[in-house]
1. Give the range 329-353 a look and list any residue that's more than 19 Å from TRP399 (Cβ to Cβ) and surrounded by 21 or more Cβ atoms within 10 Å (Cβ to Cβ), or say none.
2. Mind listing whichever residues of the range 61-87 are farther than 12 Å from THR114 by Cα, more than 16 Å from the chain's Cα centre (by Cα) and open to solvent by less than 10 Å² (accessible area, probe 1.4 Å)?
3. Does at least one position in the range 185-195 carry a residue that is within 16 Å of ligand 1 (Cβ to nearest atom) and at positive phi?
4. State whether the residues of the range 229-241 include one that is buried (at least 23 other Cβ atoms within 10 Å of the Cβ), small (Gly, Ala, Ser), out of contact with any His (no Cβ under 8 Å at 6 or more places or on another chain) and more than 24 Å from ALA354 (Cα to Cα).
5. Of the numbered conditions (1) surrounded by fewer than 20 Cβ atoms within 10 Å (Cβ to Cβ); (2) over 30 Å from ALA150 (Cα atoms); (3) charged (D, E, K, R), ARG298 satisfies every one except a single condition; which is it?
6. What do you reckon, is ALA247 crowded, with 16+ Cβ neighbours inside 10 Å and assigned to a helix (DSSP H, G or I)?
7. On the basis of being over 26 Å from SER266 (Cα atoms), open to solvent by 20 Å² or more (accessible area, probe 1.4 Å), in contact with a strand residue (DSSP E or B) (Cβ under 8 Å, 6 or more places away or on another chain) and not basic (Lys, Arg), does ILE170 make the cut?
8. Of all residues in the range 119-173, which are over 30 Å from VAL103 (Cα atoms), among the polar types (S, T, N, Q), part of a helix (DSSP H, G or I) and touching a residue at least 40 places away in the same chain (Cβ under 8 Å)?
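The values are calculated or read from the model by the stated rules, or taken from the named source; none is laboratory data. All values derive from a computational prediction rather than experimental measurement. Every residue, glycine among them, receives a Cβ derived from its backbone with ideal geometry; neighbour counts consider all protein chains shown. Calculation scope for accessible area: heavy atoms of the full protein, side chains included, ligands and nucleic acids excluded. Shrake-Rupley method; radii C 1.70, N 1.55, O 1.52, S 1.80 Å.
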Amino acid sequence: MVMINIDRLCARINALAEIGRVGDTHGVCRLAFSDEDRLARDHIAQLMHTLGLAVSVDGIGNIFGKRAGQTERSPVMTGSHIDSVRTGGRYDGTLGVAAGLEVVERLNELGIDTERALVVAVFANEEGARFQPDMMGSLVFQGDLDLVQALDTIGIDGTSIRDNLRRIGIAPTTRTPDKAIHAFVELHIEQGPVLERTGATIGVVEGVQGISWTEFTIGGSSNHAGTTPMSMRRDAAFVACDIAVFARRLCSAIAGNQLATAGSMSVFPNLVNVIPSKAVITIDLRNTNEEQLKLAERRVLAYAKDAAASDGTTLDVRTLARFEPVSFSPQIMSRVARSAATRSLRMHRMPSGAGHDAQILARMCPAGMIFVPSVGGVSHNFNEFTRPDDLEAGAMVLWDVLLELLNERDPASTAGI
Ligand code: HGY
Ligand code: MN
Ligand code: MN
C-alpha cells in the first residue's frame with residue numbers, strides 16, 4: 001500500500017503555523033484577509049507552483065491548484081481553508097490543504113497519471129470570525145452567495161472585504177477555476193471529543209449539523225451607576241447577558257443535542273461606573289435537527305424581545321449566518337469506511353459539529369469528509385493538537401478515496417446523494 005510522507009506533511013503544517021504564530025504558543029491568528037492570511041496564501045501558492053500545479057484565484061480570493069488528468073473529465077477536488085479564528089490551532093483547515101498537496105507530491109514522485117485532474121482548493125474566509133457568514137469562499141464558488149454582496153461585507157472591525165483584498169493585493173487570475181466538480185473530499189480534524197472517546201482513528205462523517213448565528217444589538221441609556229435607582233435603569237448589558245443565559249439554559253429543554261454559545265459581546269461605554277447604553281451580543285445555535293434548531297431560534301428571539309421591552313431598551317436583530325443540516329454522499333462515506341477497514345484503522349460514523357466547506361460543496365457535487373482525532377477534543381484554541389500517526393492515517397485514507405475518484409469514469413457511481 002502506498003504511504004504518504006508523514007514527516008513532510010508535518011513539516012508543511014508546522015511551517016504554515018509559523019505564519020501568524022501567536023507568541024510562543026502553538027497557535028495562530030490568521031483572520032481572513034489579514035496580512036497574516038496574505039502571507040499564508042503566498043506560501044501555499046508558491047508550494048502549488050513548485051509542485052507543478054496550475055494556480056488560479058477567483059474574485060473572493062479562493063485559491064485552486066490543478067494537477068492535470070489524462071482526460072477532460074470533470075476534476076476531483078480536495079482542500080480546506082487556511083484562515084483561522086483569533087485563537088486558532090495549527091491543524092484546523094491547514095491539515096486538509098497540506099494533505100491535499102501531499103497527495104499531489106506523492107502522485108508526482110510515483111509518476112502516477114490519473115484519468116481526472118485533481119484540484120487542491122484553499123477556500124477564503126471559512127471561519128467567518130471577522131466577516132460573516134462563515135464558509136464564505138466556498139459559498140461564492142458554489143454560487144449561493146453573490147460575489148459583489150460578499151465583497152461589500154463589512155467585518156467586525158468596520159472594513160469591507162473589497163478594501164481588504166485590495167489592501168493585501170489579492171486579485172483574481174485570468175485563469176478561472178473549474179466549476180464542474182466530480183466530487184469533493186475534505187480531510188479535517190474533528191475539533192471535538194468523540195473520536196478520542198470512542199478510540200477511533202478515522203471519522204466517517206455523515207454530514208454537518210445546522211448552524212444559526214444571530215447578532216442582537218440592545219439600546220439603553222447610560223447613567224450613573226451610583227445615583228440611578230434600579231427602577232429607572234435601561235441597562236443594555238443586563239439585557240444582553242439575560243439573552244445569553246436564556247440561550248444557554250434553553251439547550252436542556254430542546255431535543256437533538258442543542259448547542260448555544262454567546263461568543264462575542266461588546267458593551268458601550270464599557271466603564272465600571274456607567275450603566276451601559278449599548279450592548280451587542282452574538283448567539284450561535286446549532287442542532288442536527290432543523291425543526292429543533294428553528295424552535296430554539298424562535299424561543300431565543302421571543303425571549304430577547306421580552307427582555308428588551310421589560311427593561312425599556314430597544315432591540316435590533318441581524319442574522320449573520322444560517323445553514324441547514326447537510327448529509328454527505330453515502331458513496332463517499334462508504335469509500336472512506338472501506339479504506340479505513342483495509343488499513344485496519346478503527347472508524348466511527350458521526351455528524352460534524354463544526355461547519356466546513358464540504359457542506360457547501362455538497363450543494364454542487366457528491367461531497368464527504370474524513371475526520372481524525374483532536375487530543376482532548378480541543379480546537380479554536382492554541383493547544384489544538386492531533387498526533388502524527390493520526391494525521392498520517394487520515395492522509396492515507398484521503399489518498400485512497402481520491403485515487404478511486406480520480407480514475408472513475410462513470411459519474412453515476414459517486415452521485416446518489
Ligand atoms: O464555526 C464553525 O463551525 C467553523 O469553524 N467555521
Ligand atoms: Mn475548519
Ligand atoms: Mn475553525
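1. Once the filter is applied, which keeps residues that are more than 19 Å from TRP399 (Cβ to Cβ) and surrounded by 21 or more Cβ atoms within 10 Å (Cβ to Cβ), the range 329-353 yields only SER352.
2. Within the range 61-87, PHE64, GLY65, MET77 qualify.
3. Yes, that holds for at least one residue.
4. Yes: the range 229-241 contains one or more residues that are buried (at least 23 other Cβ atoms within 10 Å of the Cβ), small (Gly, Ala, Ser), out of contact with any His (no Cβ under 8 Å at 6 or more places or on another chain) and more than 24 Å from ALA354 (Cα to Cα).
5. (2)
6. Yes: the conditions hold for ALA247.
7. Yes: the conditions hold for ILE170.
8. ASN164
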